[in-house]
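> One structure, as structure tokens, below. Some questions next.
The values are calculated or read from the model by the stated rules, or taken from the named source; none is laboratory data. The structure presented is a predicted model; accordingly, all values stated were derived computationally and were not measured. Note that we place each Cβ from the backbone using ideal geometry, even for glycine, and neighbour counts take in every protein chain shown.
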């Protein structure tokens, strides 16, 4: 059996173009799906998939580690965000093929089921940004979170802090304190809350000022309180605050996660299987984290294939804690696929039993939402004096 082609199906979902990867074999009707979505880099990722195809076509799709090595080592330049996303989509599709051939879900190939359900969290209104309240409207934000809980979720992640530079204005800090307290009061103690800083603070002092007023509501974690990459700074911050920290969505390689956990910088790591070499990279990162008693809270605000992939991974990963999902990003989220394996019951995904990753893209339906330039939210990331901020 050989791989005959690698195709991409691009679907516009407002702030993202979902990039679905289809690895086709010489066996009639046998192919696999992956997702390589990368914010605002659609043309670059699809072009890179075309480049990597030269290393993959004619290979045996069952030799997954061999193909991963070809993509990694034959590229000469170390793969960055674009290359790793492209390779991740291809890698995921290979596992889908293998599961289909053997007639088992991918979680069986990863060592088998280690839990009965997958705890998940979403964003206010399941990621529907158009309908969400502005952060300045405390009552409106609380209403959105209450509605989200009523949709069946027991955990919600909220963006609380404004665009931030090296300092934390007291008025902004006090507003965040009021917002955090109001949210906790509205939903009670049985709902897990977390917040994403998006790496906005430029200094540890600014990050700490906001974390200190959020800590009293006992968030599950504060995500990316500073820009990723400086492990010592992150470790210093973790020691200064009374709150679990998490990061990892913008880290790509196992050695980066190794440095992060060896410094004691986080309570949780957040690899994204669309960027860290899919299941292969995710398994390595999970093992590194588990060796340091660090839990996994995988990142995933993307499309239905990414969710199907995450579901398989989470079912077989011992130190998994909670999974991000964003299935309300567009109202037709599930319409472009068949056999969608994700079922939400009591705030948890259920374990699927279909072969492979359990999803097929309806290419005719997907074609109704073709590529177009995404709405780039980062354009609005500007401080009061005109300085460009971290989005």
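> Quick check on my filter: what residues within the stretch 63-83 are touching a helix residue (DSSP H, G or I) at 6+ places or on another chain (Cβ under 8 Å) and surrounded by 15 or more Cβ atoms within 10 Å (Cβ to Cβ)?
Within the stretch 63-83, 64, 67, 68, 70, 71, 72, 75, 79, 82, 83 meet the criteria.
> Of (1) surrounded by fewer than 18 Cβ atoms within 10 Å (Cβ to Cβ); (2) assigned to a helix (DSSP H, G or I); (3) within 21 Å of the chain's Cα centre (by Cα), residue 146 satisfies all except one. Which?
Status for residue 146: all satisfied but (3).
> If residue 264 satisfies every condition in (1) at positive phi; (2) surrounded by 24 or more Cβ atoms within 10 Å (Cβ to Cβ) but one, which is the exception?
Here residue 264 meets the rest and fails (2).
> Pick from 303, 282: which is at pLDDT 95 or above, under 29 Å from residue 131 (Cα atoms) and crowded, with 24+ Cβ neighbours inside 10 Å?
Result: 303 is the single residue among 303, 282 that is at pLDDT 95 or above, under 29 Å from residue 131 (Cα atoms) and crowded, with 24+ Cβ neighbours inside 10 Å.
For (1) within 15 Å of residue 336 (Cβ to Cβ); (2) not in a strand (DSSP E or B), each residue gets a yes or a no:
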site: 9; (1), (2): yes, no
site: 14; (1), (2): yes, yes
site: 22; (1), (2): yes, no
site: 27; (1), (2): no, yes
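> Any residue that is out of contact with any helix residue (DSSP H, G or I) (no Cβ under 8 Å at 6 or more places or on another chain), on the phi < 0 side of the Ramachandran plot and buried (at least 19 other Cβ atoms within 10 Å of the Cβ) - is there at least one of those in the stretch 100-107?
So the first thing to find is which residues in the stretch 100-107 are out of contact with any helix residue (DSSP H, G or I) (no Cβ under 8 Å at 6 or more places or on another chain), and the list is 100-101, 103-104.
Filter once more, so that each one left must be on the phi < 0 side of the Ramachandran plot: 100-101, 104.
Now drop any that are not buried (at least 19 other Cβ atoms within 10 Å of the Cβ), which leaves 100.
Yes: one or more hits.
> Answer with yes or no whether residue 328 is outside any helix (DSSP H, G or I), surrounded by fewer than 24 Cβ atoms within 10 Å (Cβ to Cβ) and touching a residue at least 60 places away in the same chain (Cβ under 8 Å). Walk me through it before giving the result.
Working: outside any helix (DSSP H, G or I): yes; surrounded by fewer than 24 Cβ atoms within 10 Å (Cβ to Cβ): yes; touching a residue at least 60 places away in the same chain (Cβ under 8 Å): yes.
Answer is yes for this residue.
> Residues being closer than 12 Å to residue 311 by Cβ and either surrounded by 13 or more Cβ atoms within 10 Å (Cβ to Cβ) or assigned by TED's automatic domain parsing to the domain that holds residue 95 (or both): count how many of those fall in the stretch 331-352.
9
> Check off (1) closer than 22 Å to residue 92 by Cβ; (2) within 17 Å of the chain's Cα centre (by Cα); (3) not in a loop (DSSP other than H, G, I, E, B) for residue 271 and give me the number that stays unchecked.
Among (1) closer than 22 Å to residue 92 by Cβ; (2) within 17 Å of the chain's Cα centre (by Cα); (3) not in a loop (DSSP other than H, G, I, E, B), the lone unmet condition for residue 271 is (3).
> Mind checking which residues of the stretch 274-298 are under 24 Å from residue 63 (Cα atoms) and either in contact with a strand residue (DSSP E or B) (Cβ under 8 Å, 6 or more places away or on another chain) or assigned to a helix (DSSP H, G or I) (or both)?
274, 278, 279, 280, 281, 282, 283, 284, 285, 286, 287, 288
> So residue 381 fits all but one of (1) under 30 Å from residue 172 (Cα atoms); (2) within 18 Å of the chain's Cα centre (by Cα); what number is the exception?
Condition (2) is where residue 381 drops out.
To keep it simple, each residue is scored yes or no on (1) touching a helix residue (DSSP H, G or I) at 6+ places or on another chain (Cβ under 6 Å); (2) on the phi < 0 side of the Ramachandran plot; (3) not assigned by TED's automatic domain parsing to the domain that holds residue 46.
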residue	(1), (2), (3)
293	no, no, yes
305	no, yes, yes
361	no, yes, yes
365	no, yes, yes
371	no, yes, yes
378	no, yes, yes
391	yes, yes, yes
